[in-house]
């Protein structure tokens, strides 16, 4: 039998179903009394910040020179002290030879600044990145202890893994912040990152263990028979192969970590989620902001999964 | 070169104890080629694996080139450098190219420079007849080619002894010859070799001495002529009737 299936009608069906779902949602929101204000969202990414420039003494404007977008205002105090200020050409509030009192505005400068959503996105990004790095290190060490022959190392690693996997992350964050934060006097950022890293580490350890155990015993034997020590064999032979096999589950774990980082907003770390809540309190654009926040998380996670897919393709050359 | 005294290796299973190697005493001289034959489960592979410390002993003594493997302070990694091993399943490193497979241990263990290790690697690949494959990954090689790379990899460490654990058992029949040819060449060059195999032709042609093992015990040993023409033990005769 020759398989010759056309698949485009199925894709068409998929798109149709998705479209109908969206349309249904749209109709449903039409029925409730909600005013969509998408136009309010962009200013929480970037806004043009106005800073007023004032004169620090009683004095007089001696000259204003136009430099295009900006202008330089030269002022002189009653004691003869001269100063030059740069302001935006469109926002000059004084004229040449005008007498001014201390604190009078000369003009304003404008600067593009990142709004709370962008700042929150950045916080989430670096928080997750730092937690991922530490989570990977913790997981690698624990995973190696887990497969070690030493009963103490094995026992300790199993205890850690079971303890962390058996309790909710939210509770762990509270314990880190309220208990350890108080006892060890650590800041909320450190507490949040530690909680995330230690949580991820337990899962990474199990992934690493599975990866190591999936490598045939003959590989370790071959490495040992060539005179390599166990650490050498691990570094050059076992771990590179295990890493390649565990890349998909590891990627899943770190994608989870990015999403789980939203929980640290509960200990007042201004990450993307907390920024979103703050913006909502000042705009009441609840629906829009949560959609935007979800979309931003989706962007972070899909960039990561694309990157991992690229690494996987590169490592596939020896298959 | 190799001396084993009353070597015992016992595996403890759930409700049974298996005496895989049960009191084997043997001496192997330098440049000697010893072939170990026997039915499956007779402990010949386990015995071979004991010789480079891949299995821990239950009791007995192994002395290789004057070094007692059973002594507590012996660093097994140092002994293994001098003892090359070739496995039934090749066990090439799949994430390394053919040349990298041969170069890696030279750099890591022998601390050789890149150029020196690569030169040695290429020389050995030429010797085993696959120099054109040096940048291929093992998966793209046939079984016979993989096994020849594995031999080159072991030889790169300049071992004094080579152990072969059924090197041709996982190969398609038409590839057995090319691997045996490399082994014969090694034997001619005076390498001390211990070979576990089912290739009776190889044993007859190349071996200086044949050991026959059954149920963990060394049943009979002798020159190939003695062994294949006038075996003494009843168990040996039965075995030879079945395989020849």
Checklist outcome for this item: Those residues of the stretch B:96-108 that are over 16 Å from residue B:162 (Cα atoms) and more than 7 Å from chain A (Cβ to nearest Cβ) come to a total of 9
Checklist entry - Mind checking whether some residue in the stretch B:14-32 is away from chain A (no Cβ under 12 Å), touching a helix residue (DSSP H, G or I) at 6+ places or on another chain (Cβ under 8 Å), under 30 Å from residue B:238 (Cα atoms) and not in a strand (DSSP E or B)? => result no
Checklist entry - If you scan the stretch A:25-50, which residues turn out to be farther than 30 Å from residue A:86 by Cα and surrounded by 10 or more Cβ atoms within 10 Å (Cβ to Cβ)? => result A:25, A:29, A:34, A:36, A:37, A:38, A:40, A:41
Checklist entry - Which residue out of B:112, B:49 is farther than 20 Å from residue B:171 by Cα, surrounded by 17 or more Cβ atoms within 10 Å (Cβ to Cβ) and either at pLDDT 95 or above or out of contact with any helix residue (DSSP H, G or I) (no Cβ under 7 Å at 6 or more places or on another chain) (or both)? => result B:49
Item to check | Within the stretch B:36-45, tally of residues that are on the phi < 0 side of the Ramachandran plot and in contact (Cβ under 8 Å) with a residue 40 or more places away in the chain | outcome: 6
Item to check | Residue check, residue B:144 closer than 22 Å to residue B:170 by Cα, assigned to a helix (DSSP H, G or I) and more than 11 Å from chain A (Cβ to nearest Cβ) | outcome: yes
Checklist entry - Condition test on residue A:246, is it under 23 Å from residue A:158 (Cα atoms), assigned by TED's automatic domain parsing to the domain that holds residue A:135 and at pLDDT below 95? => result yes
Item to check | Failed criterion for residue B:72 (all others in (1) more than 8 Å from chain A (Cβ to nearest Cβ); (2) assigned to a helix (DSSP H, G or I); (3) surrounded by fewer than 22 Cβ atoms within 10 Å (Cβ to Cβ) hold) | outcome: (2)
Item to check | Candidates B:124, B:78, B:99, B:92 - the one that is outside any helix (DSSP H, G or I) and either at negative phi or modelled with pLDDT of 95 or more (or both) | outcome: B:92
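So that you can scan it fast, the table gives a plain yes or no per residue for (1) touching a helix residue (DSSP H, G or I) at 6+ places or on another chain (Cβ under 7 Å); (2) within 14 Å of chain A (Cβ to nearest Cβ); (3) assigned to a helix (DSSP H, G or I):
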residue	(1), (2), (3)
B:157	yes, yes, no
B:163	yes, yes, no
B:178	yes, no, yes
B:203	yes, no, yes
B:242	no, no, yes
Checklist entry - Can you pull out the residues in the stretch B:83-95 that are surrounded by fewer than 21 Cβ atoms within 10 Å (Cβ to Cβ) and more than 8 Å from chain A (Cβ to nearest Cβ)? => result B:88
Checklist entry - (1) part of a strand (DSSP E or B); (2) surrounded by 18 or more Cβ atoms within 10 Å (Cβ to Cβ): which one isn't true of residue A:112, the others all being true? => result (2)
Checklist outcome for this item: Per the filter on the stretch A:262-276, residues over 13 Å from the mean Cα position of the chain (by Cα) and either farther than 21 Å from residue A:178 by Cβ or surrounded by fewer than 17 Cβ atoms within 10 Å (Cβ to Cβ) (or both) are A:266, A:268, A:276
Item to check | Hits in the stretch A:277-286 - residues which are part of a helix (DSSP H, G or I) and surrounded by 14 or more Cβ atoms within 10 Å (Cβ to Cβ) | outcome: A:277, A:278, A:279, A:280, A:283, A:286
Checklist entry - Restricting the stretch B:52-68 to residues that are touching a residue at least 60 places away in the same chain (Cβ under 8 Å) and under 9 Å from residue B:5 (Cα atoms), which is nearest to the other protein chains (Cβ to nearest Cβ)? => result B:62
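The values are calculated or read from the model by the stated rules, or taken from the named source; none is laboratory data. Predicted model, so just to flag it, every value in this text is computed and none were measured. Glycine gets a Cβ as well: all are built from the backbone with ideal geometry, and neighbour counts include every protein chain shown.
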